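The values are calculated or read from the model by the stated rules, or taken from the named source; none is laboratory data. The shown structure was predicted, so the numbers you read here are calculated from the model rather than taken from an experiment. As a convention, Cβ positions derive from the backbone with ideal geometry for all residues, glycine included, and neighbour counts pool all protein chains shown. When the accessible area is computed, the model is the full protein with side chains, heavy atoms only, and any ligands, DNA or RNA have been set aside. Shrake-Rupley method; radii C 1.70, N 1.55, O 1.52, S 1.80 Å.
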Amino acid sequence: MQRSWQAVVIVLVSILALPSSSFSSSELPLTADGTVLELDESNFDLAISSFDYILVDFYAPWCGHCKRLSPELDAAAPQLAKLKEPIVLAKLNADKFTRLAKKYDVDAYPTIKIFMHGVPVDYYGPRKAELLVRYLKKFVAPDVSILESDSSINEFVEASGPYFPIYLGFGLDESIISKFAIKYKKKAWFSVAKGFSEDIMVSYDFDKVPALVSIHPNYNNERSIFYGPFEDKFLEEFIKQSLFPLVLPINYDTLKLLKDDERKIALTIVKDEDDDQTKNLINLLKAAASANRDLVFAYVGAKQWGEFADSFGDKKTTLPKMIIWDGKEEYLMVIGSESIIGNDHASEISKFVEGYREGRTEERRVAVAIVMLFQYLTKDDNEYHRVDTPARDQVDQISGSSTSQVERTEYRAGDKED
């Protein structure tokens with residue numbers, strides 16, 4: 001027995017005496033310990049296969065945006081590691097490990113991708129720690145949350161945050177919306193309330209059950225209510241149409257959202273998105289949108305995004321004006337309704353929609369540069385097409401000062417910071 005113990009001790013001592021280089025980093029287990037993992041060629045594949053959800057920051061050491069992102073990831077990592085289904089944060093020096101950068105078509109810094117069960121998807125969400133945590137929680141949430149009381153309803157809405165629409169089912173069975181909750185999981189929160197009071201009915205503005213209420217926290221908690229019929233065709237139509245607010249502002253984020261919607265866009269071009277006249281006009285557009293859900297109603301300010309606004313017709317046309325855009329290369333001018341002029345904007349909007357319905361239109365083409373911008377922003381999340389430098393430069397010129405709307409300014413591979 002004594003000899004056996006001596007043999008064990010000798011083996012252990014021999015193992016401990018081996019140099020650290022005898023173990024490659026790819027053989028070491030990876031854990032979700034709340035730190036940002038530093039990946040390289042040896043452990044990248046292991047990391048992707050070890051975690052169901054891992055967000056990877058492809059960075060360059062000299063990139064200023066990357067330097068600002070790094071502490072935000074450090075702050076978010078421990079919070080995401082504590083989730084029931086942890087989300088791991090990691091980073092890779094794409095300027096050094098160029099093979100991996102090329103494999104995942106990284107041509108700008110930072111490029112962020114979230115790998116879900118090994119499948120990469122581009123991440124375009126917020127980059128501040130608190131907002132990033134709220135945004136990423138969506139990926140590991142239940143398909144349908146079951147809410148048992150008024151307090152759980154309020155807590156669910158508060159925890160969901162502002163970045164996705166929320167669907168609350170009252171008097172509904174979970175099975176009725178579960179398939180759509182799975183289908184649209186990346187775009188909205190879904191829940192079913194099993195217990196609720198009349199106060200909740202008043203608060204969410206519905207007066208009978210069953211009812212499905214959609215809420216847009218990021219747009220003054222705008223609500224739409226669906227009372228049925230709760231057949232798949234009609235239910236999905238309501239869900240799809242309610243993914244957007246009644247009137248959608250056009251910016252980088254919303255252009256990306258529009259890629260999956262097949263409806264034409266009734267686009268209103270105004271001088272300034274923030275002035276009182278525009279705010280009054282948006283309220284009138286909401287009424288038109290409610291009555292014409294087969295169209296997406298949207299608006300853009302010439303002051304905020306001049307190059308984009310100028311791509312739809314003559315710059316001399318009096319603003320505000322409305323056009324019907326297919327979301328791609330073509331748009332329609334409604335003859336006799338080129339501008340929304342006069343004091344009765346409600347009548348002018350109705351006249352415009354009526355003219356479109358009756359086919360009193362003239363077909364035109366959008367500026368090529370804007371088409372490139374739209375294609376770049378809305379490329380399929382599951383495809384990784386390299387954007388060549390000339391095309392990317394044109395996109396940068398189009399966007400101009402508008403990059404302040406969303407943190408989208410990036411460095412291309414090969415660029416250097418001053």
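Values computed for the structure shown
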item	result
Accessible surface, region 129-270, averaged per residue in Å² (probe 1.4 Å)	44
Mean-position separation - Cα centroids, region 154-189 and region 301-358, in angstrom	35
In region 269-378, GluC sites (Glu not before Pro) in a DSSP loop with at most 12 other beta-carbon atoms within 10 Å	E358
Carbon and sulfur %, accessible surface of region 77-229 computed with the full protein complex present, 1.4 Å	51
Low-density loop cleavage sites - trypsin sites (Lys or Arg not before Pro) in region 118-190, where at most 16 other Cβ are within 10 Å (DSSP)	K128, K186, K187
Part-to-part distance (alpha-carbon centres) for region 49-67 and region 70-123, which is given in Å	4
³J(HN,Hα), Karplus 6.51/-1.76/1.60, whole Hz, each residue of region 172-184, x for Gly, Pro	10, 7, 4, 5, 5, 10, 4, 5, 7, 5, 6, 5, 10
Anisotropy class of region 240-381 from Cα gyration tensor, a/c 1.5 cut	rounded
